[in-house]
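J.: A single structure is presented below for examination.
The values are calculated or read from the model by the stated rules, or taken from the named source; none is laboratory data. All values reported here derive from a predicted model rather than from experimental measurement. Glycine also receives a Cβ, built like all others from the backbone with ideal geometry; neighbour counts cover every protein chain displayed. Accessible surface areas use protein heavy atoms only, side chains included; no ligands, DNA or RNA. Shrake-Rupley method; radii C 1.70, N 1.55, O 1.52, S 1.80 Å.
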Amino acid sequence: MTSLIMIFGATGDLAKRKLFPSLYRLFSKNKLDKFAVIGVARRPLSNDEFQQSVKDSVLSALGNKDNLDEFVSHFYYQSHDVADSNSYVSLKKFADEIDTNYKLEGNRIFYLAMAPEFFGPIALHLKSDGLTDVTGYKRLVIEKPFGHDLASAKELNKQIRTAFSEEEVYRIDHYLGKEMVRNIEVIRFANAIFEPLWNNRYISNIQITSSETLGVEERGRYYESSGALRDMLQNHMMQMVALLAMEPPIKLTTDEIRSEKVRVFRALRTVDGEEVNQFFVRGQYGEGTIEDEQVPKYRDEPMVDKESNTETFVAGKIMIDNFRWAGVPFYIRTGKRMTTKSTKIVIQFKDIPMNLYYQTEKMLNPNLLVIHIQPEEGITLHLNAKKAGGHLDAQTVKLSFANTGIHAMNTPEGYEKLLFDCMRGDATNFTHWDEVAYSWAFVDKISEVWEKTKESFPNYQSGTMGPKETDELLEKDGYFWWPVTDLEVDICK
Ligand SMILES: NC(=O)C1=CN([C@@H]2O[C@H](COP(=O)(O)OP(=O)(O)OC[C@H]3O[C@@H](n4cnc5c(N)ncnc54)[C@H](OP(=O)(O)O)[C@@H]3O)[C@@H](O)[C@H]2O)C=CC1
Ligand SMILES: O=C1O[C@H](COP(=O)(O)O)[C@@H](O)[C@H](O)[C@H]1O
């Protein structure tokens, strides 16, 4: 791939922890033919200092690696305040020089790894100061959050669309870089045994859990205005719902896949007004113990209001009103400071009409398909089979497949795939504006209600799976959450 990659926010956490290691991995796999990187941030750094910081971040993420000096020799640094209109002129001159020196064919990727309030102004400057006047392609990679609600997302979209067409905008959702999230489509559409059953005749409910043990850490300022609803549900959780619920696309092209996902968002049942607290539960962590360590409550975290009404946990029941999914609840839950770090999808199939083999008054265990997103990666199918040696008693047996995948969370791997997709011009695993708009419209109805009412927080102890109302959400429908810790799949090494 041939490209000039300009990273705005090159001294920040995301660049160091994810972007530089991911670029190195692409480099080490010979996926970067001709490339150069210009890092942009305010603090004064020489090229040497910047290259050293890139080296350090690769070493700390990936350990000792070959050809690091050669890799970092492609990195340059420009001290530039994105709020200062004058500094774009020298940035353009510098970018043009690098483009010529490296014969980069005028291909340019602008990666905005900065606080969201800068996204719009940077895009406008890139155009007005000529950085987007290139002979090759120009692409804008934009981090989350894409707006704070539908109105602000529309405004941001308007600003970036003055400089980039929709096809040139790559809105990152790092869950779409995860191996097993990408596998959802393959599991569904490449298996004759699943697709015929993938509907309301055979599936009773779907559960998606993304639990974290970490607290809000140093991100209190951002998180206070976001909360779990905007931070995780509006993007990552909704994307997983869309992939699980979409119709098979006519072809596996970006447009066809996106349009099927959008159709799911259009079919979401709006939850409004009083219904919000029947369909959704919010929580905020109190103090507690995680992995034998005492942790503080959210309200005692740095940069968090002592009386904060921000939710660090959200669970909900999402209904999709279309022919395939009518009547099937999609239960989702996500939060910080929970029992374990785990992202899992459980597809629970309907019970068979009667239990011939066991005791007629007892039901067999339902069949489950578990998709393990992280930390382990794989799938498990739970079936009933005869107990060895016994009479005709049935027991659950598990058919498991485990990717040998790396045993780590939010690894550079996801970003590596997404960066490479962007260089190849494949936007399939980035979110289209329509997806963003529909999911904000859905989430806005919930946040409007929650912002008006103060909840008695904290309402769950750190190290637990959220407030008790989360269980009640499913109990009302005759279900329960499958405990994620009991669903582990063995990793084959
Ligand atoms: N960190 C993460 O794991 C994740 C981050 N994100 C998103 O990525 C984006 C970046 O996050 P993160 O790296 O954590 O943020 P940081 O606060 O760590 O980094 C911000 C960067 O922006 C630079 N910067 C700030 N103001 C200016 C300015 N006026 N002009 C030029 N540069 C400026 C800073 O450098 P300097 O101070 O030198 O100017 C720094 O390089 C955010 O949108 C975040 O939501 C998304 C998912 C995960
Ligand atoms: O986008 C975000 O995701 C992380 C969780 O990502 P994961 O890959 O570790 O599951 C979350 O901690 C963060 O608050 C959120 O902004």
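J.: Going through Arg17, Arg43 one at a time, which residue ends up being at negative phi and within 16 Å of ligand 2 (Cβ to nearest atom)? Even if it seems obvious, please write down each step before you answer.
T.: Numbers: Arg43 fails: within 16 Å of ligand 2 (Cβ to nearest atom).
Every option except Arg17 fails the conditions.
J.: Taking the condition of being open to solvent by less than 20 Å² (accessible area, probe 1.4 Å), of a type outside the set (Gly, Ala, Ser) and either within 18 Å of Ser128 (Cβ to Cβ) or within 16 Å of ligand 2 (Cβ to nearest atom) (or both), how many residues in region 158-169 meet it?
T.: Narrowing region 158-169 to residues open to solvent by less than 20 Å² (accessible area, probe 1.4 Å): 160, 163-164, 166, 169.
Restricting the remaining residues to those that are of a type outside the set (Gly, Ala, Ser) gives 160, 164, 166, 169.
Then drop every residue that is not either within 18 Å of Ser128 (Cβ to Cβ) or within 16 Å of ligand 2 (Cβ to nearest atom) (or both), which leaves 160, 164, 169.
The total comes to 3.
J.: Continuing with the same structure: If Gln78 satisfies all but one of (1) over 29 Å from Ser226 (Cβ atoms); (2) open to solvent by less than 50 Å² (accessible area, probe 1.4 Å); (3) more than 10 Å from ligand 1 (Cβ to nearest atom), what's the number of the condition it fails?
T.: Gln78 satisfies every listed condition except (3).
J.: Can you confirm whether region 68-76 contains a residue that is of a type in the set (Gly, Ala, Ser) and over 23 Å from Arg25 (Cβ atoms)?
T.: We begin by selecting, within region 68-76, every residue of a type in the set (Gly, Ala, Ser); these are 73.
Next, only the ones that are over 23 Å from Arg25 (Cβ atoms) stay: none.
There is no residue in region 68-76 that is of a type in the set (Gly, Ala, Ser) and over 23 Å from Arg25 (Cβ atoms).
J.: Another one. Just one of Ile193, Ile206 is more than 16 Å from ligand 2 (Cβ to nearest atom) and open to solvent by 40 Å² or more (accessible area, probe 1.4 Å); which is it?
T.: Ile193
J.: With open to solvent by less than 40 Å² (accessible area, probe 1.4 Å), in contact with a Pro (Cβ under 8 Å, 6 or more places away or on another chain) and free of Cβ contacts under 8 Å to residues at least 60 places away in the same chain as the only criterion, which of Val58, Val37 stands out?
T.: On the way: Val37 fails: in contact with a Pro (Cβ under 8 Å, 6 or more places away or on another chain).
Unique residue meeting the criteria: Val58.
J.: Based on this model, can you work out whether Thr253 counts as modelled with pLDDT under 95 and either within 30 Å of Tyr202 (Cβ to Cβ) or of a type in the set (A, V, I, L, M) (or both)?
T.: On the way: modelled with pLDDT under 95: yes; either within 30 Å of Tyr202 (Cβ to Cβ) or of a type in the set (A, V, I, L, M) (or both): yes.
In short, yes.
J.: Looking at region 408-425, can you tell me whether even one residue there is among the hydrophobic types (A, V, I, L, M, F, W, C), closer than 24 Å to Asp486 by Cα and either modelled with pLDDT of 95 or more or in a loop (DSSP other than H, G, I, E, B) (or both)?
T.: Let us first name the residues in region 408-425 that are among the hydrophobic types (A, V, I, L, M, F, W, C), namely 408-409, 418-420, 422-423.
Then drop every residue that is not closer than 24 Å to Asp486 by Cα, which leaves 408-409.
This time we only want the ones that are either modelled with pLDDT of 95 or more or in a loop (DSSP other than H, G, I, E, B) (or both), so: 408-409.
Scanning region 408-425, I find at least one residue that is among the hydrophobic types (A, V, I, L, M, F, W, C), closer than 24 Å to Asp486 by Cα and either modelled with pLDDT of 95 or more or in a loop (DSSP other than H, G, I, E, B) (or both), so the answer is yes.
J.: A follow-up question, please. Return yes or no: is Leu91 open to solvent by less than 10 Å² (accessible area, probe 1.4 Å), over 30 Å from Gly220 (Cα atoms) and either in a strand (DSSP E or B) or within 12 Å of ligand 1 (Cβ to nearest atom) (or both)?
T.: On the way: open to solvent by less than 10 Å² (accessible area, probe 1.4 Å): yes; over 30 Å from Gly220 (Cα atoms): yes; either in a strand (DSSP E or B) or within 12 Å of ligand 1 (Cβ to nearest atom) (or both): yes.
Considered against the rule, which asks whether it is open to solvent by less than 10 Å² (accessible area, probe 1.4 Å), over 30 Å from Gly220 (Cα atoms) and either in a strand (DSSP E or B) or within 12 Å of ligand 1 (Cβ to nearest atom) (or both), Leu91 comes out as yes.
J.: Of the numbered conditions (1) part of a helix (DSSP H, G or I); (2) within 16 Å of ligand 1 (Cβ to nearest atom); (3) farther than 21 Å from Tyr460 by Cβ; (4) open to solvent by 20 Å² or more (accessible area, probe 1.4 Å), Gln239 fails exactly one; give the number of that condition.
T.: Here Gln239 meets the rest and fails (4).
J.: Counting only residues that are touching a Leu at 6+ places or on another chain (Cβ under 7 Å) and aliphatic (A, V, I, L, M), how many does region 41-80 have?
T.: So the count comes out to 1.
J.: In region 245-308, which strands (runs of 3 or more DSSP E) lie fully inside it and hold 2 or more residues that are touching a strand residue (DSSP E or B) at 6+ places or on another chain (Cβ under 9 Å), touching a residue at least 24 places away in the same chain (Cβ under 8 Å) and open to solvent by less than 10 Å² (accessible area, probe 1.4 Å)?
T.: Values: elements: 280-283, 285-290, 293-295.
Per the criteria, 280-283, 285-290.
J.: With respect to Arg182, is the statement that it is open to solvent by 50 Å² or more (accessible area, probe 1.4 Å), more than 10 Å from ligand 2 (Cβ to nearest atom), of a type outside the set (A, V, I, L, M) and in contact (Cβ under 8 Å) with a residue 40 or more places away in the chain true? Break it down into steps so the answer makes sense when it comes.
T.: On the way: open to solvent by 50 Å² or more (accessible area, probe 1.4 Å): yes; more than 10 Å from ligand 2 (Cβ to nearest atom): yes; of a type outside the set (A, V, I, L, M): yes; in contact (Cβ under 8 Å) with a residue 40 or more places away in the chain: yes.
For Arg182, the condition - open to solvent by 50 Å² or more (accessible area, probe 1.4 Å), more than 10 Å from ligand 2 (Cβ to nearest atom), of a type outside the set (A, V, I, L, M) and in contact (Cβ under 8 Å) with a residue 40 or more places away in the chain - is met.
J.: Follow-up. Output the residues belonging to region 148-157 that are touching a residue at least 40 places away in the same chain (Cβ under 8 Å), open to solvent by 20 Å² or more (accessible area, probe 1.4 Å) and in a helix (DSSP H, G or I). So that I can check it myself, show each step before the final result.
T.: We begin by selecting, within region 148-157, every residue touching a residue at least 40 places away in the same chain (Cβ under 8 Å); these are 148-150, 153-154, 156-157.
Restricting the remaining residues to those that are open to solvent by 20 Å² or more (accessible area, probe 1.4 Å) gives 148-150, 154.
Answer for region 148-157, where residues must be touching a residue at least 40 places away in the same chain (Cβ under 8 Å), open to solvent by 20 Å² or more (accessible area, probe 1.4 Å) and in a helix (DSSP H, G or I): Leu150, Lys154.
J.: Still on this structure: Given (1) over 24 Å from the mean Cα position of the chain (by Cα); (2) within 19 Å of Met240 (Cα to Cα), identify the lone condition not met by Gln461.
T.: Only one criterion is unmet by Gln461, namely (2).
J.: Just one of Thr270, Thr254, Thr289 is under 21 Å from Glu185 (Cβ atoms), away from ligand 1 (no atom under 16 Å from the Cβ) and of a type in the set (Ser, Thr, Tyr); which is it? Explain how you work it out, then say what you get.
T.: Values: Thr270 fails: under 21 Å from Glu185 (Cβ atoms); Thr289 fails: under 21 Å from Glu185 (Cβ atoms).
Selected residue: Thr254, the only one of Thr270, Thr254, Thr289 that is under 21 Å from Glu185 (Cβ atoms), away from ligand 1 (no atom under 16 Å from the Cβ) and of a type in the set (Ser, Thr, Tyr).
J.: Just give me the residues in region 117-130 being surrounded by fewer than 21 Cβ atoms within 10 Å (Cβ to Cβ), within 14 Å of ligand 1 (Cβ to nearest atom) and either without any contact (Cβ under 8 Å) to a residue 40 or more places away in the chain or part of a loop (DSSP other than H, G, I, E, B) (or both), in sequence order.
T.: Glu117, Pro121, listed by residue number.
J.: Right, another one. Tally up the residues in region 1-39 that are away from ligand 1 (no atom under 15 Å from the Cβ), among the hydroxyl-bearing types (Ser, Thr, Tyr) and not in a strand (DSSP E or B), please.
T.: Here the count works out to 2.
J.: Where residues in region 40-55 are touching a strand residue (DSSP E or B) at 6+ places or on another chain (Cβ under 6 Å) and crowded, with 20+ Cβ neighbours inside 10 Å, which of them is nearest to Leu112 (Cα to Cα)? Spell out how you get there, then give the answer.
T.: Step one: filter region 40-55 for residues touching a strand residue (DSSP E or B) at 6+ places or on another chain (Cβ under 6 Å), giving 40, 44-45, 47, 50-51, 54.
Going one step further and asking which of them are crowded, with 20+ Cβ neighbours inside 10 Å, we end up with 40, 50-51, 54.
Working: Val40: 10, Phe50: 18, Gln51: 19, Val54: 17 Å.
This residue is Val40.
J.: How about region 136-147: which of its residues are open to solvent by less than 40 Å² (accessible area, probe 1.4 Å), within 12 Å of ligand 1 (Cβ to nearest atom) and part of a loop (DSSP other than H, G, I, E, B)?
T.: Once the filter is applied, which keeps residues that are open to solvent by less than 40 Å² (accessible area, probe 1.4 Å), within 12 Å of ligand 1 (Cβ to nearest atom) and part of a loop (DSSP other than H, G, I, E, B), region 136-147 yields Glu143, Pro145, Phe146, Gly147.
J.: Continuing with the same structure: Only one of Ile193, Ile187 is over 17 Å from the mean Cα position of the chain (by Cα), without any contact (Cβ under 8 Å) to a residue 24 or more places away in the chain and more than 14 Å from ligand 1 (Cβ to nearest atom). Can you tell me which? Talk me through it step by step, then tell me what you get.
T.: Values: Ile187 fails: without any contact (Cβ under 8 Å) to a residue 24 or more places away in the chain.
None of the other options fit; the residue is Ile193.
J.: Of Glu224, Glu212, Glu218, which residue is away from ligand 1 (no atom under 13 Å from the Cβ) and open to solvent by 10 Å² or more (accessible area, probe 1.4 Å)?
T.: Numbers: Glu212 fails: away from ligand 1 (no atom under 13 Å from the Cβ); Glu218 fails: away from ligand 1 (no atom under 13 Å from the Cβ).
Testing whether each residue is away from ligand 1 (no atom under 13 Å from the Cβ) and open to solvent by 10 Å² or more (accessible area, probe 1.4 Å) leaves just Glu224.
J.: Looking at Asp133 and the list (1) touching a residue at least 24 places away in the same chain (Cβ under 8 Å); (2) open to solvent by 40 Å² or more (accessible area, probe 1.4 Å); (3) in a loop (DSSP other than H, G, I, E, B), which single condition is not satisfied?
T.: So Asp133 meets the others, but not (1).
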